[in-house]
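Asker: Following this message is one structure expressed as structure tokens.
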Amino acid sequence: PVPTPTTTSTSTATGSETNAAQVADHYNARPDVGVEKRKESTIFRLKSFNNWLKSVLIGRYARPRDRVLDVGVGKGGDLLKWSKAKIQFFIGCDIASKSIEQARERYRTMRNPPFEAHFHAMDCYSEPISNVVAPDVVFDMVSMQFCLHYSFETEAKARMMLHNVTSQLKPGGVFIGTIPDAYWIVKKLKSESDDKLEIGNSIYSIRFERRDRFDKFGTKYWFHLEDAIDDCPEYLVHFPTFQKLAEEYGLELIYNKKFHQVYEEASQEVDFNHLLYRMNVISEDGHLSADDWEAANIYLAFAFKKKQ
Ligand code: SAM
């Protein structure tokens with residue numbers, strides 16, 4: 001039986017609401033710049049690489065005519081990828097209402113949108129998805145890109161997230177996502193001198209408030225990524241805890257790779273290799289810098305299958 005999550009957070013209501021609000025404000029405040037402006041970004045190659053990696057994940061697991069739920073959809077930056085995957089139905093949810101408006105607008109301006117899409121502003125880690133999606137809607141796939149780690153603020157939030165991922169996912173359906181790799185982050189921090197609370201390079205920094213305790217939930221750090229994220233509170237996802245919790249919700253781990261490994265594998269495949277050029281990860285005038293490449297490896301990609 002799938003455990004029913006509680007709607008109350010284990011941290012104080014004010015504390016957790018403040019953090020969720022802080023995250024929402026942070027993403028709402030980021031402008032949706034056009035393609036040309038995006039090319040001027042200092043992390044243009046890294047952004048292209050992250051987009052390529054999501055295309056690989058979607059390309060591997062999405063099937064034509066899939067019904068997809070995108071939790072933490074943001075400004076809808078993956079809509080074109082879903083369109084290429086020929087899905088038939090899409091629901092996107094995000095706590096940042098301005099991002100949801102932008103995602104809706106992006107969908108509206110897509111040329112002949114090949115699938116039906118709906119967007120909802122909601123806190124996916126504090127309220128059940130059935131508040132906005134009719135309970136009889138069934139998904140073939142759920143995607144959570146660069147956003148699941150915000151739910152690891154408390155166990156209650158992580159459980160609500162998993163409830164939302166699985167409650168309307170069909171048996172055999174797939175759950176894909178990308179998260180920071182806590183193991184890599186902590187290992188890197190511990191390789192620094194004992195008094196250091198921060199790791200990073202010219203484009204990113206990860207700053208902890210303490211380094212003597214890493215709990216399964218609520219281990220906060222501050223993340224800065226040049227031209228993308230200005231010091232936003234995030235939480236470590238202890239992968240064995242995540243996997244164990246996911247199993248309680250009927251999910252079986254089928255894929256778990258660091259971004260560098262995904263690159264090494266997928267770039268050997270002709271189609272994904274061509275995509276590296278088409279998506280500007282590599283071009284005649286350059287590729288990722290050493291600092292971009294290190295920042296790329298903060299993340300890992302995963303896939304789970306819902307048991308039959
Ligand atoms: N998935 C998109 C992408 O890959 O471009 C957006 C990723 S952005 C780094 C993280 C997203 O998670 C933000 O849009 C943020 O608003 C969303 N998010 C954070 N906490 C959330 C919550 N409690 N419920 C829903 N969305 C949340």
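The values are calculated or read from the model by the stated rules, or taken from the named source; none is laboratory data. Please read these numbers as outputs of a predicted model, since none were measured by experiment. All Cβ positions, even for glycine, are placed from backbone atoms using ideal geometry, and neighbour counts span all protein chains on display. Areas reflect the complete protein model, heavy atoms only, side chains present, ligands, DNA and RNA absent. Shrake-Rupley method; radii C 1.70, N 1.55, O 1.52, S 1.80 Å.
Asker: To the nearest 0.05, how large is the calculated FRET efficiency for Ser41 and Ser202 if R₀ is 22 Å and r is the Cβ-Cβ distance?
Answerer: Working: r = 14 Å, r/R0 = 0.63.
After rounding to 0.05, the efficiency reads 0.95.
Asker: Another one. What length, rounded to one decimal in nm, is gained on full extension from Arg111 through to Lys188, with 0.36 nm per residue of separation minus their alpha-carbon distance?
Answerer: On the way: separation 77, 0.36 × 77 = 27.72 nm, distance 4.47 nm.
Here the answer is 23.3 nm.
Asker: Go through 194-205, 178-189 and give me the packing order, highest mean Cβ count within 10 Å leading. Can you show the working numbers first?
Answerer: Working: 194-205: 14.6, 178-189: 18.8.
Listed from highest to lowest mean packing, they are 178-189, 194-205.
Asker: Please label the shape of the range 241-296 as rounded, prolate or oblate, based on the square roots a ≥ b ≥ c of the eigenvalues of the alpha-carbon gyration tensor (a/c under 1.5 means rounded; beyond that, a/b larger than b/c means prolate, else oblate). Show your work: numbers first, answer last.
Answerer: Values: a/c = 3.82, a/b = 2.13, b/c = 1.79.
Prolate, because a/c is 1.5 or more and a/b exceeds b/c.
Asker: Based on the mean of other Cβ atoms within 10 Å per residue, sort peptides 152-163, 289-300 so the most packed one is first. Display every interim value, and only then the final one.
Answerer: On the way: 152-163: 23.2, 289-300: 18.8.
In descending order of packing, they fall as 152-163, 289-300.
Asker: While we're looking at this one, here's another question. What FRET efficiency would be calculated for the residue pair Asp195, Asn297, taking the C-beta separation as r and a Förster radius of 30 Å, to the nearest 0.05?
Answerer: Efficiency, rounded to the nearest 0.05: 0.75.
Asker: In whole Å, what is the distance between the alpha-carbon centres of the range 209-271 and the range 45-117?
Answerer: 20 Å
Asker: Lys/Arg Cβ at +1, Asp/Glu Cβ at -1, dipole of the range 214-304 taken about the Cα centre: which of Tyr249, Ile229, Ile282 is farthest positive-ward?
Answerer: Final value for the positive-end residue is Tyr249.
Asker: Rounded, prolate or oblate, given the Cα gyration tensor of the range 196-306, with a/c below 1.5 counting as rounded?
Answerer: Numbers: a/c = 2.84, a/b = 1.19, b/c = 2.39.
Because a/c hits 1.5 or more and a/b fails to exceed b/c, the range 196-306 counts as oblate.
Asker: Ordered by packing density, taken as the mean number of other Cβ atoms within 10 Å over each peptide's residues, highest first, how do 88-94, 126-132, 111-117 rank? Write down the numbers at each step before the final one.
Answerer: Working: 88-94: 22.3, 126-132: 16.7, 111-117: 13.1.
Packing order, densest peptide first, comes out as 88-94, 126-132, 111-117.
Asker: For the chain, which whole percent of the accessible surface, found with a 1.4 angstrom probe, sits on carbon and sulfur atoms?
Answerer: 51 percent
Asker: Could you compute the FRET efficiency for His224 and Asp285, with r as their C-beta to C-beta distance and R0 at 30 Å, rounded to 0.05? Don't skip to the end; give the middle numbers.
Answerer: Values: r = 27 Å, r/R0 = 0.91.
According to the calculation, E is roughly 0.65.
Asker: Assign unit charges at the C-beta atoms only (+1 for Lys and Arg, -1 for Asp and Glu), then state the dipole size of the range 156-300 relative to its Cα centre in Debye, rounded to the nearest 20.
Answerer: Details: 17 positive and 25 negative charges, 179 e Å.
The dipole of the range 156-300 has a size of about 860 debye.
Asker: Also, I was wondering about something else. In whole Å, what are the extents of the chain along the principal axes defined by its C-alpha atoms, from largest to smallest?
Answerer: The Cα atoms of the chain stretch 53, 49, 35 Å along their principal axes.
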